[in-house]
Amino acid sequence: MDVPVVPFGKPRGERADAARNREHLLATVRAMIAEDGPEKVTMDALAERAGLGKGTVFRRFGTRAGIFRAVLDDAEHRFQEQVLYGPPPLGPGADPRERLIAYGSGRISLLRSNHAVVRAAMDRSGTPAAAVSMSPAHIRMLLRQADPPLPHSDHLALQLAAALEGPLMLYLTSEEVAGPAGESDCGRLADSWRTLVERLFNG
């Protein structure tokens, strides 16, 4: 069975004080984004708000875009932990169809909730932040567990993963996926994902 590797997490050999600073900085960034949006987050403002030296912030993140990439990496790590070790249907224990539906819904929610952060993490050339995703490997594993087996599972996994990743989600605006009043774009996208997976598994 394929087991995706969680690529993020605490660096090996990280000192206890460095780990505390990292967690403190990430919590501070998230609070600043929640209060005023990513536009107000700068290296100087983060250092002041966190009560740390500017040099500490520069060593940790390198650039302003690096701050947001670290936030995304942390969110990705937490999501992967839920997929690998959390309760079903997102975590182990459910049948592959329900796990795939839950995975897509969770991934859509993750990307949409971090939409502004993804944009802020772009470098000056407009290149989106690079983040290692478990989607291709995880989806491939679930498709291979289908009974009866699905044809061309490797190719299907690549196509399904592409529907859940940043570039497509990044450029979707709320208006493009808007539904009736009170219905969130996230909910409509998740419903569409469920329809896609159910039809795929039902032949």
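The values are calculated or read from the model by the stated rules, or taken from the named source; none is laboratory data. Because the structure is a prediction, the values reported are computed rather than measured. All Cβ positions, even for glycine, are placed from backbone atoms using ideal geometry, and neighbour counts span all protein chains on display.
Things worth noting here:
- Entry remark, region 58-111: residues being outside any helix (DSSP H, G or I) and farther than 18 Å from Leu189 by Cβ number 10 in total.
- Pick from region 38-61, criterion of a type in the set (Asp, Glu) and under 14 Å from Thr28 (Cα atoms), ranking: surrounded by the most Cβ atoms within 10 Å (Cβ to Cβ): Glu48
- Residue within region 41-55 that is part of a helix (DSSP H, G or I) and among the β-branched types (Val, Ile, Thr) present: no
- Residue in region 72-94 that is surrounded by fewer than 19 Cβ atoms within 10 Å (Cβ to Cβ), in contact with a helix residue (DSSP H, G or I) (Cβ under 6 Å, 6 or more places away or on another chain) and modelled with pLDDT under 95 present: yes
- Residue tally, condition on the phi > 0 side of the Ramachandran plot and either at pLDDT below 50 or among the charged types (D, E, K, R) (or both), over region 2-29: 1
- Test: residue in region 125-137 that is in a helix (DSSP H, G or I) and either assigned by TED's automatic domain parsing to the domain that holds Leu26 or in contact with an Asp or Glu (Cβ under 7 Å, 6 or more places away or on another chain) (or both): yes
- Restricting attention to region 163-186, the residues that are surrounded by fewer than 14 Cβ atoms within 10 Å (Cβ to Cβ) and either modelled with pLDDT of 90 or more or outside any helix (DSSP H, G or I) (or both) add up to 8.
- Arg107 passes every criterion in (1) at pLDDT below 95; (2) surrounded by fewer than 21 Cβ atoms within 10 Å (Cβ to Cβ) apart from (2).
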